[in-house]
Structure formats: C-alpha cells, structure tokens
Amino acid sequence: MGKSLVDKYALLPDEIDQESLKMVQASLPNDLVLGPDEHYVLCRIVRAEGDPAISHDVKFSPEAITEGLKALKSGKDIITDVRMVEMGISKLSLTKSGLQTRCVIDTEQVAKRALKEQTTRSVASLRELAPFLGDAIVAIGNAPTALLALLDMIDNEEIGEPALIIGMPVGFVACPESKEELTKRTTPYISILGRRGGSSAAAATVNALLDLMRTHQEAM
C-alpha cells in the first residue's frame, strides 16, 4: 500500500505557514508599491482568500498600519461585526498581548434593538457597541450595512473615531458602495474594494497586525 494522502501532501503547521507565504509572495504582481508591513498584511489577506488577483483591490490608507499597531500596543479593543471574524482571530496572540474582542451580533439586546429600530442585526450591533468604537480597531468582514452604520455614526459624531477600520464586507447589495464610502473618509482603513472580502480576510488582517506588533516588540 502506498503513502496516505496525509503523508503525501500534509506538512506541520509552521511548515505550512512558511511554505504558503513563499507561494503567495511568488504569485503577487510585480507592480505593487507597498511598504514591508503593508506587504506582509497583503500576503496574509491573499493567503486567506486563496486568490493573488485580489491584491490590486486591497487598499491601505496612508497611516493604516501605524495607527492599527498603535491601537494594539495601547490595549484597545478589537470590535468585530460577526462571530466568524471574532473566531478567526488568534486567541493565543490576544492572550499574550492582553487584548480582547467584542461582538454582540447574536445577543438578545441586539435582536430587540433591530426589531425596535426596524433595521438589520448588523446595523443594530454596531449601534449597540457605540461606547466602545472610539480608538478601537473595527473589523467588518460580513455585512455592508454594518460598515455603512459605522460610517454614519462617525459622520454624525455619535462616536469617537476608530483607530482603524478593517472594511471587508462581502456581497453584491451595497457592498462596493460601502467600501467606496470608506475610502472617502479620513479614518485610517484597510479594505478590499469591490464585492470581494469576507470574515477570513478581515480576521487575517487582524492576525497580521498582531504578528507585526510582536515582531516590532521583539526587534526593540
């Protein structure tokens, strides 16, 4: 009997990580103009999406990485729109850094608020989290309406400005528009323009920032 499929193809976790990043880097277009930290974050997003073609749609505002790392180093919360984003963020990295996530999409108070305000749970959850959004990292990987609600609250000065918005909702209805609106604001952001995105990309972006924070601290 020949080798099992695991023996034939599988690698250990560290080997998978290193090999996949090598493959991603080799597949990226040559015309990208990014700093080393932005390049690392992009590689993590491309790896999560499994599609190098997405690289041209990943956009960083000028201070996105700097402000995101500053927020993490200051112990600010990481707010997510859905549990899938929250669950994709490395628990080990969070614990080591003393950081916490917040997500209320599936709570009773959000369900009641959505019903009362005649809106979606995604919108209601961001409104419910309003006291925690100022100076936080807000990672949106599912609903365009969550991103629109967040931008409305910023525009109306209902909340303090987040340190960084990771705006990566996925879909067709209002999805490209929500990201286009994000790029018009002064709040630092990392986004995937157009219809693509998702929870895996948003979580990968947070994990990449956590990696960079640890790397910077070790280099000091």
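Structure data summary
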quantity	calculated
Meets criteria (closer than 30 Å to LEU126 by Cα and without any contact (Cβ under 8 Å) to a residue 40 or more places away in the chain) for SER55	yes
Criterion: assigned to a helix (DSSP H, G or I) and more than 20 Å from ILE78 (Cβ to Cβ) - qualifying residue of GLU181, GLU157	GLU181
Residue within the range 47-64 that is basic (Lys, Arg), farther than 23 Å from MET168 by Cα, open to solvent by 50 Å² or more (accessible area, probe 1.4 Å) and part of a helix (DSSP H, G or I) present	no
The range 1-38, subset part of a helix (DSSP H, G or I) and open to solvent by less than 60 Å² (accessible area, probe 1.4 Å), residue farthest from ASP211 (Cα to Cα)	SER27
Residue among GLY75, GLY68 that alone is open to solvent by less than 90 Å² (accessible area, probe 1.4 Å), among the small types (Gly, Ala, Ser) and assigned to a loop (DSSP other than H, G, I, E, B)	GLY75
Candidate set: the range 177-220, residues that are touching a Phe, Trp or Tyr at 6+ places or on another chain (Cβ under 8 Å) and farther than 17 Å from LEU150 by Cβ; chosen: the one most open to solvent (accessible area, probe 1.4 Å)	ARG195
Any pair with Cβ under 6 angstrom, 6 or more apart, that starts in the range 1-25 at a residue that is hydroxyl-bearing (Ser, Thr, Tyr) and ends at one that is open to solvent by less than 100 Å² (accessible area, probe 1.4 Å) and assigned to a helix (DSSP H, G or I)	SER20/ARG47
Failed item, numbered, when ASN30 is tested on (1) on the phi > 0 side of the Ramachandran plot; (2) polar (S, T, N, Q); (3) modelled with pLDDT under 95	(1)
Selection count, the range 78-92, where residues are open to solvent by less than 10 Å² (accessible area, probe 1.4 Å) and either over 28 Å from THR120 (Cβ atoms) or not hydrophobic (A, V, I, L, M, F, W, C) (or both)	2
Residue satisfying condition, being under 19 Å from VAL206 (Cβ atoms), open to solvent by less than 80 Å² (accessible area, probe 1.4 Å), out of contact with any strand residue (DSSP E or B) (no Cβ under 7 Å at 6 or more places or on another chain) and part of a helix (DSSP H, G or I), within set ARG113, ARG44	ARG44
Selected residue (only one of LEU126, LEU94, LEU150 is part of a helix (DSSP H, G or I) and without any contact (Cβ under 8 Å) to a residue 40 or more places away in the chain)	LEU150
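The values are calculated or read from the model by the stated rules, or taken from the named source; none is laboratory data. Everything quoted here is computed from the prediction, not taken from an experiment. Don't worry about glycine lacking a Cβ; one is built from the backbone with ideal geometry, like all the others, and counts go over all protein chains shown. The protein model used for the area step is the full one, side chains on, heavy atoms only, and it has no ligands, DNA or RNA in it. Shrake-Rupley method; radii C 1.70, N 1.55, O 1.52, S 1.80 Å.
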